[in-house]
Amino acid sequence: MRMMEPLVRETLDNVFRLGTVQALTGPIARGDHVVVAQQVEALGAWDARIAAIYKQLAPSQWNLRAHRARLMRTRSPRSSARSLASRMG
């Protein structure tokens, strides 16, 4: 559990700082199905219960990825520039 602490803390910090959709990282965020399958296989070899949890959580991450893609398509360069300008003061 201790070895996971830095990853968990960084993940939670990113969620609070960026929001859930933008904080998503890793192979699902990149759409890397091959790596996800490899992770499931490795987890299954280590602990089937952990692999099952991963499989249960993965669909929500794929949904976040899809939501982020939709957001990126709907944002025009002009609205992104306005948003950046408003944040810069």
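The values are calculated or read from the model by the stated rules, or taken from the named source; none is laboratory data. Predicted model only: the values in this text are computed from it and were never measured. Positions of Cβ are generated from backbone atoms using ideal geometry, with glycine treated the same way; all protein chains shown enter the neighbour counts.
Brief remarks follow.
- Taking the criterion of being of a type outside the set (A, V, I, L, M) and touching a helix residue (DSSP H, G or I) at 6+ places or on another chain (Cβ under 6 Å), the residues of the stretch 18-54 that qualify are 27, 44, 54.
- Residue selected from the stretch 1-16 under the condition more than 12 Å from the chain's Cα centre (by Cα) and of a type in the set (A, V, I, L, M, F, W, C), by the criterion modelled with the lowest pLDDT: 1
- Selection of the stretch 27-63 for residues being touching a residue at least 24 places away in the same chain (Cβ under 8 Å) and under 22 Å from residue 1 (Cβ atoms) yields 58, 61.
- Leading residue by the ranking (surrounded by the most Cβ atoms within 10 Å (Cβ to Cβ)) among those in the stretch 50-81 that are polar (S, T, N, Q) and modelled with pLDDT of 90 or more: 61
- Matching residues, the stretch 1-24, being closer than 20 Å to residue 72 by Cα and in contact (Cβ under 8 Å) with a residue 12 or more places away in the chain: 20, 21, 22, 23, 24
- Residue in the stretch 23-42 that is surrounded by 13 or more Cβ atoms within 10 Å (Cβ to Cβ) and farther than 16 Å from residue 62 by Cβ present: no
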